[in-house]
Amino acid sequence: MHRSPPTPSARLAGVAGAALLAAHLIGGASDRVEGQIDGDARSWHVLEFEGESTATFHEFSHGMIGVSIQGHQAPRFQVQGTISIDFTIMNDQVLDGAEVAYFPERSMTPNYANGGDGRFELLTSDLSGPDARFEGRFVGTLVRFERMDDVPDPDDTIEVELYFDVTATREEF
């Protein structure tokens, strides 16, 4: 299903929320977020500090789970190089694909986002304990947004391939 790329506001809010974590965050030892951007191999760190993580999940309603994964290029919080993957599952099925964004500079904008387009596959979803494990893949094209709430630039894109295997902590609202 093709959808117009939404503005990156929601994704930016998630990255901004991670800024509340201390600057000396330590990456989770077993988490993996890796892949390629325009053919350049990359790996990212899921950050944890005092029970907070940049890989989280929460229950919208019974059986509907929202998942947010942020990978940082260094084992500390910084916007530049961050990759963000957000998706919703219900009854172990992914709803409407995944929202993926990449932040190439030190500020939240410009950034690249997919608007739900691309091929997303959730390989593992284990919610049997207090934390949850998610494993999956994404392949797709991200389009550049110059500013928040801006129209994307269809002539400025990047190709992204991702693999993740993370333990997410439960967020309570």
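FYI, it's all coordinate maths here, none of it is from the lab. On a predicted model such as this, the values are computed, not experimentally measured, just so you know. Neighbour counts are summed over all protein chains in view; Cβ atoms, including those assigned to glycine, are modelled from backbone coordinates with ideal geometry.
Mind giving me the FRET efficiency for R76 and S30? R0 is 22 Å, r the Cβ-Cβ distance, nearest 0.05 is fine. Let's see the in-between values first.
Values: r = 19 Å, r/R0 = 0.85.
That pair, R76 with S30, gives E of 0.75.
Could you give me the ³J(HN,Hα) list for the stretch 47-60, computed from phi with Karplus coefficients 6.51, -1.76, 1.60 and θ = phi - 60°, whole Hz, x at Gly and Pro?
Ordered by residue, 3J(HN,Hα) equals 9, 9, 7, 6, x, 9, 9, 8, 10, 9, 9, 8, 9, 6 Hz.
Across the stretch 31-170, what fraction of all alpha-carbon pairs, as a whole percent, falls in each successive 5 Å bin from zero upward?
Calculated over all Cα pairs of the stretch 31-170, the distribution is 2, 10, 21, 23, 20, 14, 8, 2, 0 percent.
Please compute the Kirkwood hydrodynamic radius of the stretch 101-160 from all pairs of different C-alpha atoms, in Å with one decimal.
13.2
In nm, what is the difference between 0.36 nm times the number of residues separating M64 and S128 and their Cα-Cα distance?
On the way: separation 64, 0.36 × 64 = 23.04 nm, distance 1.47 nm.
The M64-S128 span can extend by a further 21.6 nm.
Once the Cβ-Cβ distance between D92 and E52 is put in as r, and R0 is 41 Å, what FRET efficiency do you end up with, to the nearest 0.05?
So, using R0 = 41 Å, E works out to roughly 0.95.
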